[in-house]
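Notes to accompany the following structure.
The values are calculated or read from the model by the stated rules, or taken from the named source; none is laboratory data. None of these values were measured; they are calculated from a predicted model. Here the Cβ positions follow ideal geometry from the backbone for every residue, glycine too, while neighbour counts run over all protein chains shown. All accessible areas refer to the heavy atoms of the entire protein, side chains included, with ligands and DNA or RNA removed. Shrake-Rupley method; radii C 1.70, N 1.55, O 1.52, S 1.80 Å.
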Amino acid sequence: MRIILLGAPGAGKGTQAQFLMNTFGIPQISTGDMLRSAIKSGSELGKKAKQVMDAGQLVSDEIIIELVKERIAEPDCQNGFLLDGFPRTIPQADAMLEHGIQVDYVLEFAVPDEVIVQRMSGRRVHPGSGRVYHVEHNPPKEEGKDDETGEELVIRPDDQEQTVRKRLAVYHEQTEPLVEYYQKLAEKTDTEYHKIDGTKPVEQVSKELGELLQ
Ligand code: ADP
Ligand code: ADP
Ligand code: ADP
């Protein structure tokens, strides 16, 4: 199964990716997590990406397309994958088609901006695994600690309100056109497009996704 998760920052893509990975056994490809690992490792890519990410802007299409192309070619992606945070621009989506990479499902998570701003203020992440929590809506078992490793949870530098608002503006301008792009593609190909109400509780969204994809 090949899936694209589409939606604004904070719409719940990473949270549901965790569920879909566990349920369907397909790997999550999160370009954001890949970039954050690159920053941590101090690589050239990381150095280039950090400033752009901290400013809430998008990393260049060339870099991202190369990153995803290499990742999709790995053996664990041969039976399917879950794209989380990619594609984010029309050129990125075009690159997938040019490389003959088709998907079975495009799942759009719809959540209003104000809900997102509120959600992001409570987001906590486990850098090692990419597991995501929320201080109120999805708290870890022990405050500030990852459920599986007990390691410290952190606040992402780009989750401060000003940067979140910038990222939402970038989303509306550069990523939202993909809604129509994929709706049109779904009319002409086997790709299915589904819009999901991402404001419902986590378990409810997971249940709907499970029913949709079985
Ligand atoms: P969120 O979880 O809020 O949707 P991500 O972790 O997906 O955010 O992305 C964090 C940042 O990484 C983005 O703001 C952007 O700078 C960069 N990034 C991630 N994916 C892409 C992409 N496909 N194209 C360009 N930049 C990206
Ligand atoms: P994205 O990957 O789209 O940026 P995340 O999955 O990281 O979004 O979710 C952003 C924040 O909102 C996290 O703190 C997460 O725990 C929380 N969250 C995710 N889904 C829901 C939901 N359905 N209801 C309430 N909070 C949610
Ligand atoms: P309140 O603060 O009013 O008691 P909750 O903290 O129980 O509300 O939940 C806040 C929102 O998060 C509600 O929409 C709730 O349904 C939803 N929610 C419930 N369980 C989870 C969960 N495990 N992860 C994310 N959101 C959840």
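Of the residues that make up the range 181-193, is at least one modelled with pLDDT of 95 or more, over 25 Å from residue 80 (Cβ atoms) and either touching a Leu at 6+ places or on another chain (Cβ under 8 Å) or loosely packed, with under 15 Cβ neighbours inside 10 Å (or both)? No, because not a single residue in the range 181-193 is modelled with pLDDT of 95 or more, over 25 Å from residue 80 (Cβ atoms) and either touching a Leu at 6+ places or on another chain (Cβ under 8 Å) or loosely packed, with under 15 Cβ neighbours inside 10 Å (or both).
Counting the residues of the range 136-155 that are within 18 Å of residue 115 (Cα to Cα), part of a loop (DSSP other than H, G, I, E, B) and open to solvent by less than 100 Å² (accessible area, probe 1.4 Å) gives 1. Quick check on the range 3-17. Is at least one of its residues in a helix (DSSP H, G or I) and surrounded by fewer than 21 Cβ atoms within 10 Å (Cβ to Cβ)? No, the range 3-17 contains no residue that is in a helix (DSSP H, G or I) and surrounded by fewer than 21 Cβ atoms within 10 Å (Cβ to Cβ). Aliphatic (A, V, I, L, M) and within 16 Å of ligand 3 (Cβ to nearest atom), is that true of residue 179? No.
Filtering the range 34-54 to residues that are open to solvent by less than 80 Å² (accessible area, probe 1.4 Å), hydroxyl-bearing (Ser, Thr, Tyr) and more than 16 Å from residue 68 (Cβ to Cβ) leaves only 43. Restricting attention to the range 112-132, the residues that are open to solvent by less than 30 Å² (accessible area, probe 1.4 Å), within 8 Å of ligand 2 (Cβ to nearest atom) and touching a strand residue (DSSP E or B) at 6+ places or on another chain (Cβ under 8 Å) add up to 2. In the range 186-203, of all residues being without any contact (Cβ under 8 Å) to a residue 40 or more places away in the chain and part of a helix (DSSP H, G or I), the one that is farthest from ligand 3 (Cβ to nearest atom) corresponds to 188. For the range 99-117, indicate whether the set of residues that are aliphatic (A, V, I, L, M), outside any loop (DSSP other than H, G, I, E, B), under 24 Å from residue 21 (Cβ atoms) and in contact with a Gly (Cβ under 6 Å, 6 or more places away or on another chain) is non-empty. The answer is yes; a qualifying residue exists.
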